[in-house]
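Every read-out reported here was derived from the displayed coordinates using simple, explicitly stated rules and does not represent laboratory data. Keep in mind that this is a model prediction, so the values were computed, not measured. Neighbour counts run over all protein chains shown; Cβ positions are idealised from the backbone, glycine included.
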Amino acid sequence: MHLNRLTRLSIVAIMVGLISFGPTTMLAFTDATIVIKPSHMDGWNFQVGIFAGTSTSSAGFEIGPGTPTLPTGSAEFKTGSDGNSFALLRNSNYQGTLLSDLTQLTYDSYVTAHNNCVAPYLSLLVDLNDNGVFDAGDDRIFFEPCYQTGVYSTIPPDVPGDIPLQNAPIGPDGSTVRTGEWQHWDALIGGWWSALDATPGGGPPLFTLPSYIARDANHQNAKIVNDSPCRGGVRFTAGAGAPTWNDFEGNVDNFTIGVSNDNITFDFEYENLPIPECGVQPAGSVMACKYYDFNANQTKEVSEPLLDGWPITISPLGNATPNVATQLTVEGCVTWTNLVVALNPYTLTEGTPNETNWVHSTPASVEVNVVANQTTLVNFGNYCTKASGGSTIGFWGNKNGQALLTLADFAELTALKLVNKDGSNRDFTSTLANNKRALETWLQKADAVNMAYMLSAQLAAMKLNVLHGFVDGNSFALCYNGTVNQLMAAANAALLADQQTPSGDANRATQETLKNCLDALNNGGPVVPVTPCSRHFGE
């Protein structure tokens, strides 16, 4: 005798201290192996409790123990010091399934610590009056590994030994339950006992499922029934009977249930996530951040600032917290929690400023699938453009530009690798007046017969633009994909590499690309400023 009958029946009663977790979903029957884990409970849920007092039991998923048939994890049951505590794993997907339609019912168990021969056992809630609810007159039937010794017979008929041996007995008590190893059990051919006809304390007399179904018309129409949406009629249990179940530790895995030869195998696996509460749909969170994509590369860099006051909208909203569809970024981000996984995908859309110089560097609207108990991060990138402020080579060659020039400017120009039409070096080391006249002539005569000459003229003009604050050298040149300072450095390096680039020269195309970019910026072409532009939304 492993439990008293009252304690057995307490498992399906209203329980003091009951904790229930795991969502209920419907299952489409197909031949398949389904992995059950916290992020995908698929109709399974754990319950721990005690009929009276404080429960010491626990249940969940773990890796191992040992080597499960379906690696690498299993469902774990612990009763703790009070064996009247119990731990259950229940499935609610089989409501209304005829017992006569069951064509496979097997599972594996592992016992780490126990007293006598107890192991996690399988039980079914049975609807005998065909009203679809678990009520008076209905039954609970139990398959316990401890009784699969080959010495029991069914009732009726009384045929000695017609319940087969499963796993070789050990010890003088003939127990078939061993510790420290995985064992396989076939409940379809094994011996069961019934809460309605059991002796006090539960256990034998036993029957097989076919003999149970054959009892009468009610049993022939017997069906699996749930006693609540979170308390399914297919159950694995440990505990609910001190002292036998004190300090029990055991596991279940590789559970196969076949209905009309459609077999579903459930593989219980560990996942580093909390097990969701039954009846509460799994939910996750989304954090959406808005950053200034200064280099327009669609990737958030550490140096790129977040932008406040930017509207971001989510759809569907559901019961999200906060329950507002559009939020303005604070410290660059907005967050929604309590996003139900079942509503996936969610669409997040960032606002578009009224100012047309703002550009979305990333898609303005994205779909995301939230993951239970995790936060999904979405980054929206934008940059703005403005005129570079640059002045042309014509400006620096006329009286207005010349009036601004100083000897320090010419020292900076001389430090560059500037060349003449014939490829010789162009330096400015004379008096200020002579340097001005030389620059005017040099700029006015610049052409692209030798591309290095025209590149030199555009580089000189840009250098003067930066020196006089017309152009911010740290601004981002979209035509180069780098800052203006980096563009100038690249142009100077190209001139150092080749001072003579006529038509057909291998380096001419590179120098022409750099020249064109400098020319555009010297004519006020767009750059991305270091500081984000102003922006407004709506009316």
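For the reader, a short list of remarks on this structure follows.
- Length gained on full extension, residue 271 to residue 360: 28.3 nm, using 0.36 nm per residue less the C-alpha separation.
- Sorted from longest to shortest, the spans of the Cα atoms of segment 283-383 along the three principal axes equal 38, 26, 21 Å.
- Positive dipole terminus of the chain, leading residue within 470, 99, 443 (C-beta point charges): 443
- Semi-axes of the equivalent ellipsoid for segment 217-330, computed as √(5λ) from the eigenvalues of its C-alpha gyration tensor and ordered from largest down, come to 50, 20, 17 Å.
- Listed by chain and number, the aspartates and glutamates whose C-alpha is less than 19 Å from the C-alpha of residue 436, apart from same-chain residues fewer than 8 away, are 409, 412, 427.
- Separation in nanometres of the label points that stand 7 Å from Cα toward Cβ, at residue 63 and residue 337: 2.9 nm
- Distance between modelled label sites at residue 404 and residue 376, nm, 7 Å Cα→Cβ extension: 5.1 nm
- Computed over every Cα-Cα pair of segment 345-441 and binned at 10 Å starting from 0, the pair-distance distribution P(r) comes out as 12, 26, 14, 12, 15, 13, 7, 1 percent.
- Charge dipole (debye, nearest 20) of the chain; +1 at Cβ of Lys and Arg, -1 at Cβ of Asp and Glu: 2200 debye
- Structure-based [θ]222 nm, the chain - -39500 (n - 2.57) summed over DSSP H runs of at least 4, per residue, nearest 500: -5000 deg cm²/dmol
- Total charge dipole magnitude, segment 393-527, about the Cα centre, Cβ charges on Lys, Arg, Asp, Glu only, Debye to nearest 20: 240 debye
- Between residue 181 and residue 115, the modelled labels are 2.6 nm apart [label points 7 Å from Cα along Cα→Cβ].
- Rounded to the nearest 10 degrees, the angle from helix 484-497 to the longest Cα principal axis of the chain is 70 degrees.
- Straight-distance crosslink candidates among aspartates and glutamates, where the alpha carbon sits under 14 Å from residue 399 and sequence neighbours closer than 8 are dropped: 440
- Listed values (1) 0.99; (2) 1.05; (3) 1.33 include one computed from this model; for Rg/Rh (Cα atoms, Kirkwood Rh) that value carries the label (3).
- Prolate/oblate/rounded label for segment 393-527 (Cα gyration tensor, a/c 1.5): oblate
- Ranking 483, 410, 358 by Cα position along the charge dipole of the chain, where only Lys, Arg, Asp and Glu carry charges on their C-beta atoms, puts 410 farthest toward the positive end.
- The Kirkwood hydrodynamic radius of segment 480-539, based on inverse pair distances between different Cα atoms, is 13.6 Å.
- Taking a straight line from the alpha carbon of residue 515, these aspartates and glutamates sit under 17 Å away, with near neighbours fewer than eight places off in the same chain left out: 447, 498, 505.
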